[in-house]
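Notes to accompany the following structure.
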Amino acid sequence: MKVLNLILNTLPLISIVFFFTFYSITAFSQIHNQLGLPEGAKARLGKGRIEQIKYSPDGKYLAVATSIGIWLYDVNTLQAVDLLTGHDAPVTSIAFSSDGQTLVSGGADNIIIFWDTETRKIKAKCVGFDKGISLLTFSPSGDMVACMSRSWFIELLNARTGKLIKTIKNTSNSDIYAMAFSPEDDMLITVGYSERNTSFIEYWDTGTGELIRDILIETNITDAAFSPDNKTLAVTGENSPPLQFWDVKTGKHLKSIEKSGVSYEYIAFSQDGSRLVTGGAWEYVSLWDVSTVDQLYNMAEGEPINSVAYAPDGRTIACGIDDGTIQIWDTSTGKLQNTIRGHLDSSIFSAAFSPDGNTLACGAASKVLFWHLHTYEHLKTTKEPHCNVVDIEYSPDGKIFVTVGNSMKARLWDGQTGRFLGSFIGNHEKYFYSAYRNREKFTSVSFSPDGGILATGDTDNEVCLWEIRTGEQYLIGEQLATFTDHAETVTSVAFSPDGKMLASGSLDKTIRLWDVKARKHLKEITGHEKGVNVLAFSPDGKILASSSEDGTLRLWKIDDYELSYAPIADAGNVKALAFSSDGKLLTSINSDSKYINFWNVQTGKLMHTFFGHTQTINSIVYSPDGKTLASVSDDDTVLLWGLDSILNP
C-alpha cells in the first residue's frame, strides 16, 4: 500500500518533469528555425549546404560556412546559437583571427565581411572583388587578412578597416589551396596548382607584392594546410605520394606518406602541429601522427567529406559530410562522439502543402523531404532514386501525392507513410525512345479537384489524362486521353477550380484549353512571343495567368479569352506562379532570381517583394489557409513567409 501511495504521489511530479524536459528540448532544438531570418519570413527549414567548418581559437564555437550564412554552434551543447547573415550568396571561406575577436567571411557575392565575434555584428564590409572569394587567412599579428579570389589576385586587407593595402598578381595563374603569413607579417606563402599541371610553393613580399621565390612540387594539389606555427606545410594531391610534408622556411621536402590507391582532398593540423587529419570524397577520414607518419585511426568510413577541422584542445575533429551532417569524432578513441543535423545536401526544386496544412513536402535530388508546419520538425525523407523531383502535388484528400522529374515517370506515393504506390509511364515503346532523346519526359502534373484524374505535360509535346482508382488498393489506372496538338514541350498543366477545364502551356508559345469530360480541344490562346513557362488559375476560375520566356505576365479572362489588361512587361522570365487564396494577389518568381514578387491582380501593379534566399528560388506555394507562402531554393533551404502585412496592409 505504501508503495502504491508513493507511486501515486510521485506520478504528477514525474509528469511535470517530463513535460518541461520534453518541452524545453523540443523548443530549444527548433530555435535554429528562427535565427537570421529575412524580413517577412517566420521560419526557415533546413540550414543550408555546408561549405567550410572552423573552430574558434578558444574552442567555444564551431563556425560553419554555408550556402545561407555562417552558423555558430556551441561546442559543448552542439546547439546553434546564431546565424550570421550579411552575404546574399553562399559563404565560401571563413577565418578567425588568432585572438578570436574577429571572424572574416568571403562569399560568392564578391564581398568580404569582418564580424565582431562577441557582438556578432558587422565591423567592416569590403566589396569590389571579382569572381567570388575562395580563401582567407589572418596574419599572426591580426593586422592583415589575405584574400584570394578566383581571378588569381591576392588582396591584402587591413583587418580593422577592411581597406585594401596591397594587390598581389598571381603570375602563375595558380588555383591557391592554402596561404600563410610569416611570423613577422612581412611574407605571404601560398600553395597552388597551375594550369601547366605543376604545383608551387610561392613566397611573396607583403610590402612590395613581389614574388621572392617559388618551389616546384611534383603533385597535382587538391588541398594544403600550414601547421599553426607556420613551420610545416602539408600538401595532398592526386599523384603519388598522396600526402607530403615540407619545411616552410627552407622549402625542403621533409617526408611523405607512401600509400597507393588513395587521395585526400581536405586536411587540417592539430593546434600543436603533432597530428594531421585528412578526408577524401569516398575514403576514410584519417588521423596521422606527423612525426612518425603513422596512421592512427580511420573514421567516417565511406562518407563523402567536404570539410574537416581540428578542435584547439585536440580532443575532437569535426567533419562536414555531403549528406548535410557534421560528425564530431573523439581523437583519443577514433569513435564517433556526436552528430549535428539539419543541413541539407541538395537544391530543393518543388514544394506542396498537404490539404490539412500540417505538412510541407519538398522535392529535391533523389528524395522528398517532409516537415511539420507547426513544430518545423523534419518528419521523414522518402527516397526518389536517380530523380530530381521538379514537381510535386498532393491529391485533394491528401491520401496520396505525385512526383515527376528526370526519372521519366509520374510516381504515386502514400501521403501518410511515403510508401511508393506505382508509376504512370504511358506507351512503353515511346517511353524508351523518349529516354534516349530527352530524359525529362514529364515536366508538370496536376490533380483534378475531385482527385480522380491526374494530368501530365511532357517533353513529347503531349498532355495526358490518367485515371486515379480512388478507394482501391492499386491506384494506378488507365490512360484516359492523350492530347497531341502542341508542337513543342508541354511545360505546365493546370485544372480549373471546378475541374471542367484543363489548361496547358508549351514552348510552342501557345496555351490550349481542354474539355476534361468530353476529352476535346476547346481553345488555343496566342499572344506570347516566346515559349510559355507556367500557368495558374485564380481561385474563382475566372482568370488564367500565364508567364513566358518573353518576359511578360499575362492575365486572361476565361469568359472571353481576352487579356484583363496589357501584359505586365517587367515581370522577367517567370518560372512559377501562385494566386493568393482570395485571388487578389498573383505571386511570381523568375528563373534566375532570389526575389518573390506580389502583383495586384486588378491592376497588374507590383505590390511587394520578398528577398531572403541566397540562390535562385525554384518554386513557391501557398498554404491551404492562405496565410503562409513557402519558397524553395538552390540554397538548400525553405523559407516560410508570413503574409498578414501583405494581405491586410
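Observations, loosely collected:
- Restriction of the GluC sites (Glu not before Pro) in the stretch 298-406 to DSSP coil positions whose beta-carbon has at most 13 other beta-carbons within 10 angstrom yields Glu301.
- Helix-only [θ]222 nm of the chain, DSSP H runs n ≥ 4, -39500 (n - 2.57) each, per residue, nearest 500: -2000 deg cm²/dmol
- For the stretch 387-401, 3J(HN,Hα) per residue [Karplus equation, 6.51 cos²θ - 1.76 cosθ + 1.60, θ = phi - 60°, Hz, x = Gly/Pro]: 8, 7, 7, 8, 8, 8, 8, 7, 5, x, 8, x, 6, 9, 9
- Listed pairs Lys231/Lys252; Lys520/Lys584; Lys60/Lys121; Lys42/Lys383; Lys557/Lys584 exceeding 20 Å between Cα atoms: Lys520/Lys584; Lys42/Lys383
- Greater than 29 Å apart at Cα, pairs in Lys409/Lys530; Lys163/Lys575; Lys47/Lys441; Lys409/Lys627: Lys163/Lys575; Lys47/Lys441; Lys409/Lys627
- Phe611/Phe420 FRET efficiency (R0 45 Å; Cβ-Cβ; nearest 0.05): 0.75
- The calculated FRET efficiency for the pair Asp582 and Glu118, based on their C-beta separation and a Förster distance of 41 Å, comes to about 0.30.
- Sequence-ordered 3J(HN,Hα) estimates for the stretch 156-165 from the Karplus curve with 6.51, -1.76 and 1.60 and θ = phi - 60° stand at 9, 10, 6, 6, 8, 9, x, 7, 6, 9 Hz, glycine and proline given as x.
- Among 136-149, 601-614, the peptide with the highest mean count of other Cβ atoms within 10 Å heads the list, and the full ranking is 136-149, 601-614.
- Extension gain (nm, one decimal) between Ser591 and Lys557, 0.36 nm per residue minus Cα-Cα: 9.7 nm
- The accessible area of Glu238, taken with all protein chains in place and a 1.4 Å probe, comes to roughly 120 Å².
- Take every DSSP beta bridge whose two residues both sit in the stretch 484-577; close to 100 percent of them are antiparallel.
- Share antiparallel - DSSP beta bridges, the stretch 306-421, percent rounded to 5: 100 percent
- Gain in span if fully extended, Asp205 to Gln79, counting 0.36 nm per residue against the direct Cα distance: 41.1 nm
- Burial ranking of peptide ranges 102-109, 63-70, 519-526 (average Cβ count within 10 Å, highest at the top): 63-70, 102-109, 519-526
- The H on the amide N of Asn388, modeled in the peptide plane, is under 5 Å from the matching H of Ser366, Asn406, Ser407, each at least 5 residues off or on a different chain.
- Computed from backbone phi with θ = phi - 60° and the Karplus coefficients 6.51, -1.76 and 1.60, the 3J(HN,Hα) list for the stretch 579-588 is 8, 5, 5, 8, x, 8, 10, 10, 9, 9 Hz; x is used for glycine and proline.
- Solvent accessible area, Å² - Thr77, 1.4 Å probe, full protein context: 80 Å²
- Solvent exposure, largest accessible area first (probe 1.4 Å, DNA, RNA and ligands not counted), of His343, His372: His372, His343
- Relative to the longest principal axis of the Cα atoms of the chain, the long axis of helix 428-437 makes an angle of roughly 40 degrees.
- Among Thr292, Thr325, the order of accessible area from largest down is Thr292, Thr325, computed with a 1.4 Å probe on protein heavy atoms.
- In the complete set of protein chains, residue-level accessible area for Tyr394 is approximately 20 Å², probe 1.4 angstrom.
- Under the combined filter of DSSP loop state and at most 15 neighbouring Cβ atoms within 10 Å, the stretch 462-543 retains these chymotrypsin sites (Phe, Trp or Tyr not before Pro): Tyr474.
- Label of the coordinate-derived value, Kirkwood radius over Cα pairs in Å, listed as [x] 26.1; [y] 30.6; [z] 27.4: [z]
- Residue order for Thr443, Thr333, Thr456 - accessible surface, 1.4 angstrom probe, largest first: Thr333, Thr443, Thr456
- Between the amide H of Lys441 and those of Met408, distances stay under 5 Å, these residues lying 5 or more places away or on another chain, with hydrogens modeled in the peptide plane.
The values are calculated or read from the model by the stated rules, or taken from the named source; none is laboratory data. In this text, all values refer to a predicted model and were calculated from it rather than measured experimentally. Cβ sites come from the backbone with ideal geometry, for glycine too, and all protein chains shown count toward neighbours. Note: areas computed on protein heavy atoms with side chains; ligands, DNA, RNA excluded. Shrake-Rupley method; radii C 1.70, N 1.55, O 1.52, S 1.80 Å.
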